[in-house]
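These notes are about the structure you will find just below.
The values are calculated or read from the model by the stated rules, or taken from the named source; none is laboratory data. What you are looking at is a predicted structure, and each value in this text was computed from that prediction instead of being measured. Reconstructed Cβ throughout: ideal geometry from the backbone, glycine too, with neighbour counts over all protein chains shown.
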Amino acid sequence: MKTIITTENAPSAIGTYSQAVKVNNTVYLSGQIPLVPATMEVISDDFTEQAQQVFKNLVAVCEAAGGNINDMVKVNIFLQDLANFAIVNEIMSQYFNQPYPARAAVQVARLPKDVEIEIDGVMELPNYS
């Protein structure tokens, strides 16, 4: 049985998908881009601000699912430019405690709304809830 996760504290879905889907104690988080939930607008053109907003959005979805960002076991990072990878590492260290989740980071040609970063992932909740 699957449960659809939604929260007003993260951007609403802008397509045919859910913010997250929970099956048993596993939560599959859809990609988050740097939209401000209240306005549904991109936070700014600054990469650091975009990355910070993406992590804030991930935190909100994780909490709505009954966990926290440190329950994420896999993170996929999509970047317009891999030159920003060091910034992502720095920001990620502000949100995650060790042991860190498994991760992939890839450079892509284009992302929704022409943002510079998108992150999705998988979270494993400590208990069925």
Filter region 50-98 for residues that are without any contact (Cβ under 8 Å) to a residue 12 or more places away in the chain and assigned to a loop (DSSP other than H, G, I, E, B); the one that is farthest from residue 9 (Cα to Cα) is 98
Note to self: Quick check on residue 107: is it touching a residue at least 12 places away in the same chain (Cβ under 8 Å) and touching a strand residue (DSSP E or B) at 6+ places or on another chain (Cβ under 8 Å)?
What the structure shows: yes
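Identify all residues within region 30-56 that are polar (S, T, N, Q) and closer than 22 Å to residue 72 by Cβ; write none if there are none. Steps first, please.
Looking only at region 30-56, we keep the residues that are polar (S, T, N, Q), and these are 30, 32, 39, 44, 48, 50, 52-53.
30, 32, 48, 50, 52, 53 - these are the residues of region 30-56 that are polar (S, T, N, Q) and closer than 22 Å to residue 72 by Cβ.
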Check: What do you reckon, is residue 109 surrounded by 15 or more Cβ atoms within 10 Å (Cβ to Cβ) and either modelled with pLDDT of 95 or more or of a type outside the set (Ser, Thr, Tyr) (or both)?
Finding: no
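Test residue 109 against the criterion of being in a loop (DSSP other than H, G, I, E, B) and farther than 19 Å from residue 12 by Cβ, and give yes or no. Break it down into steps so the answer makes sense when it comes.
Numbers: in a loop (DSSP other than H, G, I, E, B): yes; farther than 19 Å from residue 12 by Cβ: yes.
Against the criterion (in a loop (DSSP other than H, G, I, E, B) and farther than 19 Å from residue 12 by Cβ), residue 109 qualifies.
Yes/no per residue for (1) under 20 Å from residue 40 (Cα atoms); (2) in contact with a helix residue (DSSP H, G or I) (Cβ under 6 Å, 6 or more places away or on another chain):
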residue: 56; (1), (2): yes, no
residue: 60; (1), (2): yes, no
residue: 71; (1), (2): no, no
residue: 75; (1), (2): no, no
residue: 83; (1), (2): no, no
residue: 95; (1), (2): no, yes
residue: 101; (1), (2): no, no
residue: 113; (1), (2): yes, no
